[in-house]
Amino acid sequence: MTLLAVTGCRQMPEAEWAKLQALRKEIRQEGLGPYAPDLYQEFETGFERIRFDYALQANKSALFRDVEQLRRQIQDEQSRGQLLREQTRRQKEQLKQALRQKLDSLEPSLQQRSAATLDPRERQMIAEIQMQVKQAKTIWNEGDYLRAQEQVDQIDERVAALEDHVEELTRRYRDPDVRMRWQAMTRRTIRWSREQGKSALVVDKLNRRALLYQSGELKYQFTIDLGWNRYPDKLQQGDGATPEGPYRVVEKKGAGETAYYRALLLDYPNAVDRRLFGRARRRGQVEPGARIGAQIEVHGEGGKGRDWTQGCVALSNADMKQLYELAYVGMPVTIVGEVSE
Amino acid sequence: MRRIFTFALLGTVLLLSACSSKPEQELAAAKTALDSAKAAEADVYSAEAYQAAADALKSAEAAIAVQDKASAMGRNYDKAKELLTQAKTQADTAASTAAANKERVKGEAETAQTEAQAAIEAAKTALSKAPKGKGTKADLAALTGDLTAAESSLTEAQTALTSGKFMDALNQFKAVKEKADAVVTDIAQATQKKKGS
């Protein structure tokens with residue numbers, strides 16, 4: 001009887017061992033390990049130790065087994081596994097939500113940014129990011145959040161490269177000498193308007209606005225679209241940039257005289273433009289056969305919210321109607337990178 | 001008489017030892033099967049079967065270690081042998097399942113590649129045929145940027161395909177096709193806008 005009792009007490013803890021194995025399988029199937037690698041490694045090491053000890057005890061006759069020690073080991077490991085499972089499930093869920101939020105916000109902002117620019121290089125960079133966002137979303141849908149995170153890290157790098165590209169394009173907007181020149185041009189135009197008691201237009205490229213002054217007072221402000229190559233100064237025909245400098249209206253084109261509702265033709269290229277173009281040609285900064293371009297206008301058919309012209313300034317037809325009525329041949333149109341407040 | 005007894009005893013011991021010899025060949029075979037399964041990327045394409053095989057191998061190794069510590073008379077590797085057979089079978093299954101799954105994904109990736117290439121060609125054709133006036137020139141130039149991105153991504157996906165990263169390639173080809181299709185739609189819209197203005 002005593003022997004039977006002792007043997008009974010020393011039965012292998014099969015149920016506990018099966019439970020632990022099931023827990024381990026669950027952790028693996030849910031792919032939780034990589035969310036807490038150290039804790040997982042610790043769990044795995046403990047599991048392997050138990051596997052060995054279990055086999056060791058199972059090999060002994062019931063009389064000589066130390067089952068209690070093994071049972072305690074399994075219970076401790078079970079607790080460690082449960083802790084690991086709960087902790088990593090939380091981490092996985094947090095990552096899942098954070099990635100979803102990030103990817104969901106990236107898509108519309110990239111779409112908006114792509115629609116706002118026609119610069120081919122910028123568009124290419126945005127398109128590359130958009131495609132990677134699609135891939136990251138597919139991986140996210142497959143439930144592999146760590147791989148999705150890797151994609152998002154690469155996306156962040158690409159976004160940073162895009163910002164660098166734009167920063168490079170806008171570098172001269174931070175150059176104090178250039179800014180001072182723009183400021184001086186703007187001041188001269190406003191002073192001229194005040195002294196002459198006439199209208200003058202100032203175009204602020206960076207903020208996409210045209211400011212109409214009457215007798216030195218700001219009377220109207222219009223939203224504008226620019227050349228697709230938004231940031232640089234115009235150098236040659238086809239570069240898609242809007243020229244910067246003090247220009248004047250040389251012709252008013254009414255209904256039927258332009259494809260763009262109404263238009264004010266500017267005296268681009270002026271003497272300064274020609275001198276800069278000649279210098280660029282001598283320095284080999286433009287291709288042989290390049291031309292300086294012409295036909296820069298302030299015209300209608302704008303209001304698209306993106307830069308799409310070849311270098312002209314486009315207003316919505318309603319704004320253009322108003323401006324056209326106030327404009328006159330000889331009116332100054334000063335185009336600068338940015339108007340300082 | 002004593003000598004006969006000694007020989008008989010020795011013979012019995014030898015017989016017993018031979019019966020429960022360490023399953024080294026089986027162990028090597030199971031390990032090789034696991035290695036082959038790993039090489040076939042069974043840990044990716046048939047993860048559950050691969051894990052089961054790896055588990056069986058570890059259990060077998062534990063059983064062998066326990067028996068190694070036992071006295072020669074008491075050694076019994078039967079359980080270990082059973083586990084090793086199980087490990088090998090599961091590893092072989094994992095390897096063949098992985099090969100089939102991989103082949104399926106590869107096929108899907110190749111189909112996606114063909115579709116992505118066709119979409120890019122269609123976009124190129126649409127771009128070259130689109131009327132280029134002042135109203136569309138900039139739009140079309142920008143769409144060239146989009147198309148360049150799609151082409152560069154196509155090359156990346158092709159590299160992934162040739163280096164055996166089929167899942168990555170498949171996802172990337174799909175994204176390329178979507179972008180190229182969007183370019184075709186945008187070209188049509190840009191052209192339509194021009195007609196309308």
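The values are calculated or read from the model by the stated rules, or taken from the named source; none is laboratory data. Just so it is clear, the model here is predicted, and its values are computed rather than measured. A quick note on method: Cβ atoms are made from the backbone with ideal geometry, for glycine too, and the neighbour counts reach across all protein chains shown. All accessible areas refer to the heavy atoms of the entire protein, side chains included, with ligands and DNA or RNA removed. Shrake-Rupley method; radii C 1.70, N 1.55, O 1.52, S 1.80 Å.
Name the single residue that is nearest to residue A:264 (Cα to Cα) among those in the stretch A:204-231 being in a loop (DSSP other than H, G, I, E, B) and open to solvent by 40 Å² or more (accessible area, probe 1.4 Å).
For the stretch A:204-231, the residue satisfying everything is A:208.
Give the stretch A:112-122 a look and list any residue that's within 10 Å of chain B (Cβ to nearest Cβ) and under 11 Å from the mean Cα position of the chain (by Cα), or say none.
If the condition is that a residue be within 10 Å of chain B (Cβ to nearest Cβ) and under 11 Å from the mean Cα position of the chain (by Cα), then A:114, A:122 are the ones that fit.
Would you mind finding the one in A:150, A:107 that is more than 10 Å from every other protein chain (Cβ to nearest Cβ), open to solvent by 40 Å² or more (accessible area, probe 1.4 Å), assigned to a helix (DSSP H, G or I) and closer than 16 Å to residue B:169 by Cα?
One residue alone meets the criteria, A:150.
Suppose we filter A:182, A:140 for residues that are assigned to a helix (DSSP H, G or I), within 14 Å of chain B (Cβ to nearest Cβ) and among the aromatic types (Phe, Trp, Tyr); which single one remains?
Checking each option against the conditions leaves just A:140.
Within the stretch A:301-316, take every residue that is open to solvent by 10 Å² or more (accessible area, probe 1.4 Å) and within 19 Å of residue A:244 (Cβ to Cβ) and give me the one that is farthest from the other protein chains (Cβ to nearest Cβ).
A:302
In the stretch A:171-208, what residues are at pLDDT below 95 and either closer than 14 Å to residue A:331 by Cα or among the hydroxyl-bearing types (Ser, Thr, Tyr) (or both)?
Scanning the stretch A:171-208 gives a single hit, A:173.
Working only within the stretch B:62-72, note down all residues that are touching a Leu at 6+ places or on another chain (Cβ under 9 Å) and either more than 8 Å from every other protein chain (Cβ to nearest Cβ) or of a type outside the set (A, V, I, L, M, F, W, C) (or both).
The answer is B:64, B:69, B:72.
Test of understanding: among A:96, A:92, which residue is touching a helix residue (DSSP H, G or I) at 6+ places or on another chain (Cβ under 6 Å), charged (D, E, K, R) and surrounded by fewer than 17 Cβ atoms within 10 Å (Cβ to Cβ)?
Matching residue, one of A:96, A:92: A:96.
Working carefully through the options A:280, A:290, find the one that is out of contact with any helix residue (DSSP H, G or I) (no Cβ under 9 Å at 6 or more places or on another chain), over 30 Å from residue A:113 (Cα atoms) and either touching a residue at least 40 places away in the same chain (Cβ under 8 Å) or acidic (Asp, Glu) (or both).
The match here is A:280.
Among the residues in the stretch A:66-79, are any polar (S, T, N, Q) and either within 12 Å of the chain's Cα centre (by Cα) or within 30 Å of residue B:154 (Cα to Cα) (or both)?
No: zero hits.
Those residues that are touching an Asp or Glu at 6+ places or on another chain (Cβ under 6 Å) and away from chain B (no Cβ under 14 Å), I need them from the stretch A:205-238; list them, please.
Scanning the stretch A:205-238 gives A:206, A:222, A:233.
From the residues in the stretch B:126-168 that are of a type in the set (S, T, N, Q), open to solvent by 30 Å² or more (accessible area, probe 1.4 Å) and within 10 Å of another protein chain (Cβ to nearest Cβ), which one is farthest from residue A:140 (Cα to Cα)?
B:144
Filtering the stretch B:169-197 down to residues that are of a type in the set (Val, Ile, Thr), touching a helix residue (DSSP H, G or I) at 6+ places or on another chain (Cβ under 7 Å) and more than 7 Å from every other protein chain (Cβ to nearest Cβ), which residue is surrounded by the most Cβ atoms within 10 Å (Cβ to Cβ)?
Ranking the candidates gives B:183 first.
The conditions are (1) open to solvent by less than 50 Å² (accessible area, probe 1.4 Å); (2) at pLDDT below 95; (3) more than 14 Å from every other protein chain (Cβ to nearest Cβ); (4) farther than 30 Å from residue A:260 by Cα, and residue A:168 fails exactly one of them. Which is it?
Residue A:168 satisfies all of (1) open to solvent by less than 50 Å² (accessible area, probe 1.4 Å); (2) at pLDDT below 95; (3) more than 14 Å from every other protein chain (Cβ to nearest Cβ); (4) farther than 30 Å from residue A:260 by Cα except (1).
Here's the yes/no breakdown for (1) open to solvent by less than 70 Å² (accessible area, probe 1.4 Å); (2) within 35 Å of the chain's Cα centre (by Cα):
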{"position": "A:249", "(1), (2)": "yes, no"}
{"position": "A:257", "(1), (2)": "no, no"}
{"position": "A:266", "(1), (2)": "yes, no"}
{"position": "A:269", "(1), (2)": "yes, no"}
{"position": "A:274", "(1), (2)": "no, no"}
{"position": "A:277", "(1), (2)": "yes, yes"}
{"position": "A:282", "(1), (2)": "no, no"}
{"position": "A:293", "(1), (2)": "yes, yes"}
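Residue by residue, here is whether (1) at pLDDT below 90; (2) more than 14 Å from chain A (Cβ to nearest Cβ) holds:
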| position | (1), (2) |
| --- | --- |
| B:1 | yes, yes |
| B:5 | yes, yes |
| B:74 | yes, no |
| B:99 | no, yes |
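Of the residues B:79, B:102, B:106, B:88, which single one is touching a residue at least 12 places away in the same chain (Cβ under 8 Å), open to solvent by 50 Å² or more (accessible area, probe 1.4 Å) and in contact with a Phe, Trp or Tyr (Cβ under 9 Å, 6 or more places away or on another chain)?
B:106
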